[in-house]
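The structure under discussion appears below in the form of structure tokens.
The values are calculated or read from the model by the stated rules, or taken from the named source; none is laboratory data. Quantities reported herein were computed from a predicted structural model and do not represent experimental measurements. Virtual Cβ from ideal backbone geometry, glycine too; neighbours counted across all protein chains shown.
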Amino acid sequence: MDKFSPFLLLSLLFLLACQGEVVEEKAEPSSEEKTDSAVSLAPAEDTAFLYAEARRLRQLEIRDSLLSLEDSAWVDLQQLIPQAEYEIRYATSNNFMELQVYDCPGCYSRLAVAKSLMKVQQNLDSIGLSLKFFDCYRPSSAQWALWKKTPDPRYVHPPKQGSMHSRGNALDLSLVDSLGRELDMGTPFDYFGKEAYWSYTQHSEEVNKNRKLLRQQMQAAGFSTIRTEWWHFVYKAQRFPLSNWQWSCPTDSLEPKG
Ligand SMILES: C[C@@H](N)C(=O)N[C@H](C)C(=O)O
Ligand SMILES: [Zn+2]
């Protein structure tokens, strides 16, 4: 486990104290248990509870520290929106490149953008749905790689101008139900064709309803769409500078790409 802050340690001590009270209420121990009592610790389930509680407090602490940063700070969306799904496709070979582009998965945005996404997720919580992220911040170098494969501005933003993803302003995402199943949006993510356009009229009622819900939720939180990709959303209130910042990867995830 990570280092504990004094706050966290105090919380744990408090929890341990409470734990003591509960133990006293338990039935008289057997003679065998009495013999062991000098060395016995809390039962396994109590220890698991303490660890879970310590983890929860640590997550709250991380979340609060991220939320106190400046609007342009890079923040990890998995820390701020843990209930969402994350399948960062360019960290796998399951994408239109058929190649792993990122060394490891990461879903980052600017803090201002993340705060709006938190509002979207909060609304979705009340109807049993969640966001599912396919791509978030994308370093400029990765945008060049995508452009080399598909130099078509309808589907990949020219890297010379810079993608909104490389500003930390854009996200590629969909919706999932409470079992993590994607809602039908008519095409897969990164389907480069007319069926992915907002204007395509031949989809089923179900697809139209799902797309409308996604667009309404995102627009209400300050995001705009682009004509050709139902999954791509851009935060409008601020336009951040282009970046080639790279998130760090756990050392054991740095396996050869291919
Ligand atoms: C490549 C696709 N996922 C995407 O994000 N396209 C937009 C237009 C971009 O490259 O910024
Ligand atoms: Zn996009």
Can you confirm whether region 242-258 contains a residue that is within 16 Å of ligand 2 (Cβ to nearest atom), of a type outside the set (S, T, N, Q) and closer than 24 Å to Y108 by Cα?
yes
Take region 171-228 and flag every residue that is part of a helix (DSSP H, G or I) and surrounded by fewer than 17 Cβ atoms within 10 Å (Cβ to Cβ).
K194, E195, E205, E206, N208, K209, K212, L213, R215, Q216, Q219, A220
Restricting region 71-97 to residues that are outside any loop (DSSP other than H, G, I, E, B) and hydroxyl-bearing (S, T, Y), the one nearest to W247 (Cα to Cα) turns out to be Y90
Tell me yes or no: at least one residue of region 244-257 is out of contact with any Lys or Arg (no Cβ under 8 Å at 6 or more places or on another chain) and on the phi > 0 side of the Ramachandran plot.
no
Pairs only if they're at least six apart or on different chains, beta carbon under 6 angstrom, first in region 161-185 and within 15 Å of L146 (Cβ to Cβ), second within 16 Å of ligand 1 (Cβ to nearest atom) and in a strand (DSSP E or B); list them, first residue then second.
M164/A170; M164/V234; A170/V234; D172/F134; D172/D135; D172/W231; D172/H232
Residue satisfying all of: in region 143-175; in contact with a strand residue (DSSP E or B) (Cβ under 9 Å, 6 or more places away or on another chain) and among the aliphatic types (A, V, I, L, M); farthest from ligand 1 (Cβ to nearest atom) among these
L175
What number of residues within region 68-92 satisfy the criterion of being among the aliphatic types (A, V, I, L, M) and farther than 18 Å from L131 by Cβ?
2
Can you tell me which of D172, D152 is assigned by TED's automatic domain parsing to the domain that holds T187 and closer than 16 Å to F189 by Cα?
D172
Of (1) buried (at least 16 other Cβ atoms within 10 Å of the Cβ); (2) away from ligand 1 (no atom under 16 Å from the Cβ); (3) on the phi < 0 side of the Ramachandran plot, Q238 fails just (1)
Given the conditions (1) more than 30 Å from F192 (Cβ to Cβ); (2) in a helix (DSSP H, G or I); (3) modelled with pLDDT of 55 or more, report the number of the one that E21 does not fulfil.
(3)
